[in-house]
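Q: I am attaching a structure below and will ask some questions about it afterwards.
Readers should treat all values here as calculations from the given coordinates under stated rules, not as data from a laboratory. Since we're looking at a predicted model, the values are computed, not measured. Glycine gets a Cβ as well: all are built from the backbone with ideal geometry, and neighbour counts include every protein chain shown.
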Amino acid sequence: MKSHVVWGASNMAHANVYVTLKKDILDPQGEAVKNALHTLGYKNVMDVRVGKYIVLTLENNSENDINAVVEEISKKVLSNPVIEDFSFDIVED
Amino acid sequence: MKSHVVWGASNMAHANVYVTLKKDILDPQGEAVKNALHTLGYKNVMDVRVGKYIVLTLENNSENDINAVVEEISKKVLSNPVIEDFSFDIVED
Amino acid sequence: MKKFGIIVLPGSNCDSDCFYAVRDYLEQDAEYVWHEENNLDRYDVLMIPGGFSYGDYLRPGALARFSPAVQNLVKEAEKGKLIIGICNGFQILTELGLLPGALMRNKNLKFICKHVTLKVEKVCAPFTSRLRVGQRISLPIAHKDGNYYASDAVLEELNRNEQILLRYDEDVNGSVQGIAAIISKEGNVLGMMPHPERACDSMLGNTDGMYIFGSVLDYLTKRGQ
Amino acid sequence: MENQQSPWKILGLTDSEYQEIIKGLGREPNITELGMFSVMWSEHCAYKNSKPLLKLLPSKGPNVMQGPGENAGVLDIGDGLALVMKIESHNHPSAVEPYQGAATGVGGIVRDIFAMGARPVVLLDSLRFGPLNTDRTNYLFEQIVAGISDYGNCIGVPTVGGETYFANCYQRSPLVNALCAGIADISKLQTGKASGIGNPVLIVGATTGRDGIGGASFASQELGENAEEKLPSVQVGDPFLEKLLIEACLEAYETGYVVAVQDMGAAGITSSASEMASHGNVGMELDLDKVPLRAEAMTPFEILISESQERMLLVVEKGKEDIVKQIMKKWGLRAEVMGHITDDQMMRIYQHGHMVAEVPAHLLADGAPQYVREGVPPKNLEQLRVLEIPSLALPEDFNAAFLSVLSAPNVASKSWIYQQFDHTVRTDTVIKPGMDAALVRIKGKKQAVAFTTDCNSIYCFLDPYEGAKDAVVEAARNLSMVGAVPIGITDCLNFGNPEDPVVYWQMKRCVEGIRDACEALNIPVISGNVSLYNETENGPIYPTPVIGCAGLLEDVSLFCTNSFKDEGDIIVLLGEDKGEMGGSEYIQQQYGLVKGVPPKADLAMEGELQDCVRTLIKSNLIKSAHDVSDGGLAVCLAECAMGGQKGFVADIETEERSDVALFSESQSRCILSVEAEALHDVLGMASTFNIPAHVLGSVEGKSVVININGREIINVPLEECMRHYDQGLLWSMNGI
Ligand SMILES: Nc1ncnc2c1ncn2[C@@H]1O[C@H](COP(=O)(O)OP(=O)(O)O)[C@@H](O)[C@H]1O
Ligand SMILES: [Mg+2]
């Protein structure tokens, strides 16, 4: 974690959040893509799952633990725990 | 690249494809999410972009160069080159 | 006169349809409730109408659930007040956790606007007392994300507690067990994908929606006595 | 730079247009000014090639409150209410990015309607594609439908109708025309005429980015080497923002402080600001620093012509801007004062404290030169119009021939499309898609309004004059079939390159056809749109003058639909077959030909027929009415039967070949169903109007049965008909 610095490009961070449907939930969109791929001749595609890829740009200051913030946002807003899982990684500039 | 082996878990590969809107293209969804996050008090979120995260499970056999296949699929089917970019990585089991 | 509060969220678009259904066909008081409203005391019934609150961005209902009025609705629900979520309203109630499960993209991935036949599964005081078990009614649907999902455990519970009110006669959108409408365990919160408010006027060719609204009125009137 | 062309040419202006600009300004324009002229003097904004033709169209009538010239046309529909209507094309954007192109097409036309002070209440869409079952066409088709669906559904405006055709010429030039209509209190109507010296100008809604800037010709100059990557970025629609904008603007009008409004469409700020100033005979000073931007380092030129969606320009009473801003804020929208009205009719644009452009508003908005061109008919026209019916072999199996017409994508049910459109939201849709016209009530009022769009472009290809006439009479007829009186037209003229004399000739003849039909039927044209240059190296599209028509039904309880109602009802044909097979669906399906002389509408007879049907509906004498159009009498009868899930037996007496009797597409005909007791009165009414009437048979059984001169020619179970009609579109998509 960086210490608090003055605004500038250097104290921005990016969080890549990946939201996926839970494993045992049918994914109609993935199914449709898979069928389309088979029709196009890509027979070796066995499964397709479509999820979300969300990129957050955050101001990275010492007041917040950026990991905790992203975790909270992902859990509360970006995913629905009934049907989805999430994971994320953080890239600091 | 592995050589052709008999069917089994070991010759499956996963491709993670990330599809994002091109930089200059408006992302209304990302905007709305950003505004919601601000309302919820996450003021340090400066930008949000929402893209797709697609996981392909492929049978990995020597006949196909898996990198080339995933590249082709991403370009032709999973993304719309007029407004989207993509990238991917491949995880072999 | 009973007072129905209709919550207006940014992007709601069936708010006025609900308003007219209550005012002109049920002949009760209808009032719009702005999404920033904190006091929901004065309403006998609260409705979350259909539409695309916050554009349905991220997931339908995902952003709407944080609105002050919607947050306050949770407290009202806990007090036993009648809550009705229609279409987007149903989606919001599941996102909120007031109703179990989730509404996913329709199986055919497309928006579907048509009349569907529904089978009455359970007759209960606040919402379906004017119907008979097994009766078929017809209501319009208009949604892209009406594919109801719940885990096996939750489904088992829904069935055991008789929380499923309506099922689709045919598989229209992929909903598990054909579920079209459910109530909360306590029985005062209703979520349904079909639109009863679009089926109250004979000029539009269908008045089956009045079964639902009429049942609500019967309940409120009886309780008021 | 290898391109040594002059800057105005690169921007699409001719040498003589450039000279006009110099003359108007009294000096050479700077690059920003030149850019502004290039967009404002483009065909799209200035109608350079079409204005002289459009002047031919009748635009006056007792109900017309606003003809062409404003954001949309306005009709008085009684009881203090106005109907506001306009159609617009989004063909080129949809060809590049079908989903966003179609979506933003819907967004744009909706803004035109609420800019007039009306609440948008219906959408219709008129679509043209190449034949299905190529990857590209299926993709365009699905994406365009999805784009309309997602945008229209989200904003809560029901899509109640439209039309969809498939032909080779649209393969790479699909057409997407969207029509929107709204209802306003007459006292609340808004205008686009800026007024009030010193009044502030507000920009409201979305931020401004580099969306839809300039087109490729500009890019090649400005952007240099990496031009490929930096091609104009696609406009992306945000229907959620549009919904907020509708509600916020309507609420702002209620204050009475909004002096003028205009949506920002093509050519962005340049166009809305200069048109508002020019129409109001005032000037404007605008400060680009006040425009909320979304992209970095935007030049004045880019800000001025950006086509970012979901933005409006409002002129507000001085001192009241905070009240209006407050309303916008309540709806979560940004509103910034970006300038004010001046008294000298000049547009002055500032950035960073410097004036970057200074041009007369009139010159910019209304000063473009107009071109009257010479047209010539295509050389092969006479040859195309030859169709020797006797030389064509009769089908061996009439049932099969009939089913193949019924399942042809141009005829088959469009439910696959309109089920994706919310057509029941707002709870006013009395007649839903699938009938001749949609009917929409107005809560609390007795009257209702009906809508349709029509154009058979094959007819227009074979005879632009008659084809355009047919489009007008068919649109009017569709309204009459539900009981409504046609009261106004909005037209969308889709053509190829007007500099091609053949295309110009097609345009001219089409406009003349519309004019004559409108005059005969007494329907004014109150608004419209022109889309030219719809062509690829394979040539231009068929001339496609889409007619959107609105009708008024005085008493909403007296409407009629097209489906047979009860067993035993008598089937009556009004009108006369003239055996016109040119351009017909049957000739295309059975023989693969696009040939012949298309149906020629008898305008006097058409007017009488429509009047007759409306009177019958009003007098409650008939149970159903459906006009004969694509697919001819056989398809018309089958549609009545399928709609009501009732079979029928019909007998046709004719001297024509059987296939001609079944499938000819002669105009001015319709099928009625009538209770036996009412038959006498119905026939009497027909003769009062001088309309030929034939009793064909009765509603009975579960099959479609058509006898010709006593011999059974068609006998198909209703279920089989429905399977073909309902699945036809899907079968085509899947190559079945
Ligand atoms: N793209 C579309 N969107 C909505 N409705 C459509 C569309 N295409 C066709 N329809 C509907 O399908 C029905 C049949 O259309 P059409 O064959 O053009 O009718 P008609 O021959 O009476 O003009 C109409 O009710 C029309 O509104
Ligand atoms: Mg018709």
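Q: Taking the inverse of the average 1/r across all pairs of different Cα atoms in the stretch A:12-92, what Kirkwood radius in Å do you get? Present the calculation step by step, with values, prior to reporting the outcome.
A: Working: mean 1/r = 0.0696 Å⁻¹.
For the stretch A:12-92, the Kirkwood estimate is 14.4 Å.
Q: Quick one: which residues, 5+ away or cross-chain, put their amide H under 5 Å from the amide H of residue C:82? H built at 1.01 Å from N.
A: Under 5 Å from the amide H of residue C:82 lie the amide H atoms of C:46, each far enough along the sequence or on another chain.
Q: Find how many whole Å separate the alpha carbon centroid of the stretch D:349-401 from the alpha carbon centroid of the stretch D:145-200.
A: About 21 Å separates the Cα centre of the stretch D:145-200 from the one of the stretch D:349-401.
Q: Turning to a different aspect of this structure: Residue-wise, which Karplus ³J(HN,Hα) couplings in Hz belong to the stretch D:292-304, taking 6.51 cos²θ - 1.76 cosθ + 1.60, θ = phi - 60°, and x for glycine or proline?
A: Whole-Hz 3J(HN,Hα) from phi for the stretch D:292-304: x, 9, 10, 10, 8, 6, 7, 7, x, 4, 5, 5, 5.
Q: Quick one, could you list the DSSP H helices from chain C stretching 18 Å or more along their long axis (Cα atoms) with average Kyte-Doolittle hydropathy of -1.0 or above?
A: On the way: long enough: C:209-224 (23 Å, 0.24).
Span-like helices, by this rule, are C:209-224.
Q: If packing is taken as the average number of other Cβ atoms within 10 Å across a peptide's residues, how do D:429-438, D:56-65 rank, most packed first?
A: Details: D:429-438: 24.5, D:56-65: 16.2.
Final packing ranking: D:429-438, D:56-65.
Q: While we're on this one: Using amide H atoms built 1.01 Å from N in the peptide plane, name the residues 5+ places from residue D:117, or on other chains, whose amide H lies under 5 Å from its own.
A: HN-HN under 5 Å from residue D:117: D:190.
Q: Okay, next question. List the distances, in nm and shortest first, from the label point of residue B:38 to the matching label points in every other copy, placing each point 7 Å from Cα along the Cα-to-Cβ direction.
A: 4.7
Q: Okay, moving on. Report the trypsin sites (Lys or Arg not before Pro) located in the stretch D:640-733 that are in a DSSP loop and have at most 15 other Cβ atoms inside 10 Å of their Cβ, or state none.
A: D:702
Q: How much length is gained on full extension from residue D:537 to residue D:380, taking 0.36 nm per residue of separation minus their Cα-Cα distance?
A: 54.7 nm
Q: Scan around residue D:164 for amide H atoms under 5 Å from its own, H built in the peptide plane at 1.01 Å from N, and keep only partners 5 or more places away or cross-chain.
A: D:127
Q: So, one more: Would you list the P(r) distribution for the stretch D:525-575, with all Cα-Cα distances sorted into 10 Å bins from 0 and each bin expressed as a whole %?
A: For the stretch D:525-575, the binned pair fractions read 14, 24, 24, 21, 15, 2 percent.
Q: For the stretch D:659-676 and the stretch D:259-286, write down the distance between their C-alpha centroids in whole Å.
A: Cα centroid of the stretch D:659-676 versus Cα centroid of the stretch D:259-286: 51 Å apart.
Q: Assuming R0 = 35 Å, can you tell me the calculated FRET efficiency for the pair residue D:655 and residue D:604, based on Cβ-Cβ distance, to the nearest 0.05?
A: Values: r = 25 Å, r/R0 = 0.71.
Plugging the Cβ-Cβ distance into 1/(1 + (r/R0)^6) gives 0.90.
Q: Tell me the label-point distance for the pair residue D:396, residue D:611, using the 7 Å Cα-to-Cβ offset, in nm and rounded to one decimal.
A: Calculated label separation equals 5.1 nm.
Q: Using the count of nearby Cβ atoms within 10 Å as a rough guide to exposure, how do D:733, D:347 rank from fewest to most? Show your work: numbers first, answer last.
A: On the way: D:733 16, D:347 27.
The fewest-first ordering by Cβ neighbours comes to D:733, D:347.
Q: Tell me the trypsin sites (Lys or Arg not before Pro) within the stretch C:73-178 that lie in a loop according to DSSP and have at most 14 other beta-carbon atoms within 10 Å.
A: Answer by residue number: C:79, C:132.
Q: Normalised by the residues of the stretch D:560-736, what does the relative contact order come to in percent, with Cα pairs under 8 Å and at least six apart? Please list the in-between numbers first.
A: Values: 363 pairs, mean separation 61.8, N = 177.
It rounds to 35 percent for the stretch D:560-736.
Q: I need D:580, D:474, D:677, C:31 ordered by Cβ neighbour count within 10 Å, fewest first.
A: Details: D:580 21, D:474 28, D:677 8, C:31 13.
Lowest to highest Cβ neighbour count: D:677, C:31, D:580, D:474.
Q: Given a Förster radius of 22 Å and the C-beta distance between residue C:171 and residue D:733 as r, what FRET efficiency does 1/(1 + (r/R0)^6) yield to the nearest 0.05?
A: Numbers: r = 21 Å, r/R0 = 0.98.
After rounding, the FRET efficiency stands at 0.55.
Q: Sticking with this structure for a sec: Could you tell me the convex hull volume per residue, in Å³, taken over the Cα atoms of the protein assembly as shown? Could the numbers behind the result be given before it?
A: Numbers: hull volume 223.1 nm³, N = 1147.
Hull volume over Cα atoms, normalised by residue count, gives 195 Å³.
Q: Right, here's the next one. Taking other Cβ within 10 Å of each residue's Cβ, how do D:731, D:41 sort, fewest first? Could the numbers behind the result be given before it?
A: On the way: D:731 17, D:41 27.
If I rank by nearby Cβ atoms, fewest first, I get D:731, D:41.
Q: Using R₀ = 56 Å, calculate the FRET efficiency as 1/(1 + (r/R₀)^6) where r is the Cβ-Cβ separation of residue D:565 and residue D:366; round to 0.05. Walk me through the numbers on the way to the answer.
A: Details: r = 54 Å, r/R0 = 0.97.
The formula returns an efficiency of 0.55 here.
Q: If you don't mind, there's one more thing I want to ask. Where Lys and Arg each count +1 and Asp and Glu each count -1, what net charge lies around residue D:375 among other residues with Cβ under 15 Å from its Cβ?
A: Values: positive: D:373, D:379, D:508, D:509; negative: D:374, D:463, D:499, D:500, D:512.
Summing Lys and Arg as +1 and Asp and Glu as -1 gives -1.
Q: Indicate the gyration tensor shape class of the stretch D:560-736 (rounded, prolate or oblate), computed on the Cα atoms with a ≥ b ≥ c the square roots of the eigenvalues: a/c under 1.5 is rounded; otherwise a/b larger than b/c is prolate and the rest oblate. Provide the component values of the computation, followed by the final result.
A: Details: a/c = 1.71, a/b = 1.24, b/c = 1.38.
Note, shape of the stretch D:560-736 comes out oblate.
Q: Where the centre of each part is set by its Cα atoms, how far does the stretch C:44-66 sit from the stretch C:98-124, in angstrom?
A: So the separation of the two Cα centres works out to 16 Å.
Q: Averaging the inverse of every distinct alpha carbon separation and then flipping it gives the Kirkwood radius. What is it for chain D, in angstrom units?
A: Taking every pair of different Cα atoms in chain D, averaging 1/r and inverting gives 26.5 Å.
Q: Out of all DSSP beta bridges in the protein assembly as shown, what portion is antiparallel? Express it as a percent rounded to 5.
A: Details: 166 of 209 bridges.
Roughly 80 percent of the DSSP beta bridges within the protein assembly as shown come out antiparallel.
Q: With both bridge residues required to lie in chain C, what share of the DSSP beta bridges run antiparallel, to the nearest 5%?
A: Numbers: 22 of 39 bridges.
Antiparallel bridges: around 55 percent, rounded to the nearest 5.
Q: Okay, next question. Provide the per-residue ³J(HN,Hα) series for the stretch C:123-130, in order, calculated from phi with Karplus coefficients 6.51, -1.76, 1.60 and θ = phi - 60°, each as a whole number of Hz, with x at glycine and proline positions.
A: Result, ordered by residue: 9, 9, 3, x, 10, 10, 5, 7 Hz.
Q: Give me the percent of DSSP beta bridges within the stretch D:1-124 that run antiparallel, rounded to the nearest 5.
A: Values: 7 of 8 bridges.
Bridges in the stretch D:1-124 are about 90 percent antiparallel.
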